[in-house]
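Everything below concerns the one structure shown next.
The values are calculated or read from the model by the stated rules, or taken from the named source; none is laboratory data. Note that the structure is a prediction, hence the values are computed from the model and not measured. Every residue, glycine among them, receives a Cβ derived from its backbone with ideal geometry; neighbour counts consider all protein chains shown.
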Protein chains: 2
Amino acid sequence: MNNSKGLEAWAKFFVASTRLNQVMEEAMKLDGLPPLEVYDVLWTLERAPEHALRFTDLGERVLLSRCNVTRLAEKLENQGLIERERCPSDRRGVYAVLTKDGLKLRKDMWKRYSELIEEHFSSHLSEKEQDQLIAIMKKVWQEPVRADEKNGCPGAV
Amino acid sequence: MNNSKGLEAWAKFFVASTRLNQVMEEAMKLDGLPPLEVYDVLWTLERAPEHALRFTDLGERVLLSRCNVTRLAEKLENQGLIERERCPSDRRGVYAVLTKDGLKLRKDMWKRYSELIEEHFSSHLSEKEQDQLIAIMKKVWQEPVRADEKNGCPGAV
DNA sequence: CCTGCTTTGTTGCAATTGCAACAAATTTCT
DNA sequence: AGAAATTTGTTGCAATTGCAACAAAGCAGG
């Protein structure tokens, strides 16, 4: 085996991320909260200017369920979490806009989600290790920078 | 914000793992190779004694597609990658057994998969960082130890 | 042996997803 | 301006998935 350490690192990384997601997802459901892909959409909208994004942009920025944005949006709309608004300058375009309820749900989900992160993840790591991990993740994936996007704040998915 | 560094670490971890998986999955498909969940099953069987596992065990050990093992197995069986074998001691039980073709496909997939890991992951990290990451992943997730399982070798998913 | 209880794998059904075809609006090019 | 190409969101269809009901086989205790 050649540079087996890199491959081992990937294996551990892959297993840990998959399992932790399963744990979180299951715990959220157990608390009657929607799956994380809903959180993903709500939080993506919340960061956007005016809490609104065109469907195409939403599809590009969202992490999970990249296709079928239309259908996921339809579901969220029925639950009153987002609203549609036709784009005035381009009559093809449609904006998805976060509603009050959507904002509230995002916060409620984050309350529980952040607890889970703390419990299953952060609490096992020293501050130094957290720094190391952040640095390493930056090296293997740089999310494209969007001029308009707010970040910092709480729940980055 | 409280211990925001832990949450930031999770966010970066989550985004990187999700995006990298998407990249790998897409690249595999582009090369006409099956999705990684197939790799997952084949590799899980290959590590097992006799290259065989009861369906229940398979379902527990596999990372992706944990439910519907029956149906995924059915598909793999049709492609000649695994075989069914009734368990002699317990007539409820069914073994999934890796075939020659299954073994070969696993290796072929690994050839490409390991290239992708190198390209998108390992090559961005120093040896020291790889060590750090392994240590950190061990702290946030310990996969249960199975007495019989072989590991070490190549592609741990 | 007989009665419940658990384990194991399968199956039916409804919901979700991926993909490709599609129509409407816009842009590009001549 | 007009034809061709591109972008944007929707829709139909087939494949996949999650869930719960189910039957068959084993197990525990009388």
Considering (1) under 30 Å from residue B:63 (Cα atoms); (2) in contact with a Lys or Arg (Cβ under 7 Å, 6 or more places away or on another chain); (3) surrounded by 21 or more Cβ atoms within 10 Å (Cβ to Cβ); (4) among the small types (Gly, Ala, Ser), say which one residue A:59 fails and leave the rest.
(3)
Only one of these is away from DNA strand C (no atom under 11 Å from the Cβ) and either among the small types (Gly, Ala, Ser) or under 12 Å from residue B:38 (Cα atoms) (or both): B:93, B:102, B:59. Name it.
B:102
Go through the stretch B:71-101 and count every residue that is in contact with a strand residue (DSSP E or B) (Cβ under 9 Å, 6 or more places away or on another chain) and closer than 29 Å to residue B:141 by Cα.
5
Out of (1) within 16 Å of DNA strand C (Cβ to nearest atom); (2) away from chain A (no Cβ under 14 Å), the odd one out for residue B:67 is which?
(2)
Return the residue satisfying two criteria in turn: it lies in the stretch B:117-145 and is of a type in the set (A, V, I, L, M) and assigned to a helix (DSSP H, G or I), and of such residues it is farthest from the other protein chains (Cβ to nearest Cβ).
B:135
Which of (1) over 14 Å from the mean Cα position of the chain (by Cα); (2) more than 11 Å from every other protein chain (Cβ to nearest Cβ) is the odd one out, the single condition residue A:34 does not satisfy?
(1)
Considering (1) surrounded by 20 or more Cβ atoms within 10 Å (Cβ to Cβ); (2) away from DNA strand C (no atom under 16 Å from the Cβ); (3) within 22 Å of residue A:101 (Cα to Cα), say which one residue A:72 fails and leave the rest.
(2)
Within the stretch B:30-52, of all residues that are surrounded by 15 or more Cβ atoms within 10 Å (Cβ to Cβ) and small (Gly, Ala, Ser), the one farthest from residue A:20 (Cα to Cα) is B:52
Here is a check on your reading of the model: is residue B:102 in contact (Cβ under 8 Å) with a residue 12 or more places away in the chain, among the small types (Gly, Ala, Ser) and in contact with a Lys or Arg (Cβ under 8 Å, 6 or more places away or on another chain)?
no
Quick check on residue A:85: is it away from DNA strand C (no atom under 12 Å from the Cβ), acidic (Asp, Glu), free of Cβ contacts under 8 Å to residues at least 60 places away in the same chain and at the interface with another protein chain (Cβ under 10 Å from one of its Cβ atoms)?
no
Any idea which of A:9, A:27 is buried (at least 21 other Cβ atoms within 10 Å of the Cβ), in a helix (DSSP H, G or I) and among the hydrophobic types (A, V, I, L, M, F, W, C)?
A:9
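Can you confirm whether residue B:4 is farther than 30 Å from residue B:86 by Cβ, at pLDDT below 95 and of a type in the set (Ser, Thr, Tyr)? Steps first, please.
On the way: farther than 30 Å from residue B:86 by Cβ: yes; at pLDDT below 95: yes; of a type in the set (Ser, Thr, Tyr): yes.
When the stated conditions are applied, residue B:4 passes them.
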Cβ pairs under 7 Å, 6+ apart, first in the stretch B:13-35 and among the hydroxyl-bearing types (Ser, Thr, Tyr), second more than 16 Å from DNA strand D (Cβ to nearest atom)
B:17/A:13; B:17/A:17; B:18/A:63
Of all residues in the stretch A:75-96, count the ones that are in contact with a helix residue (DSSP H, G or I) (Cβ under 6 Å, 6 or more places away or on another chain) and surrounded by 13 or more Cβ atoms within 10 Å (Cβ to Cβ).
4
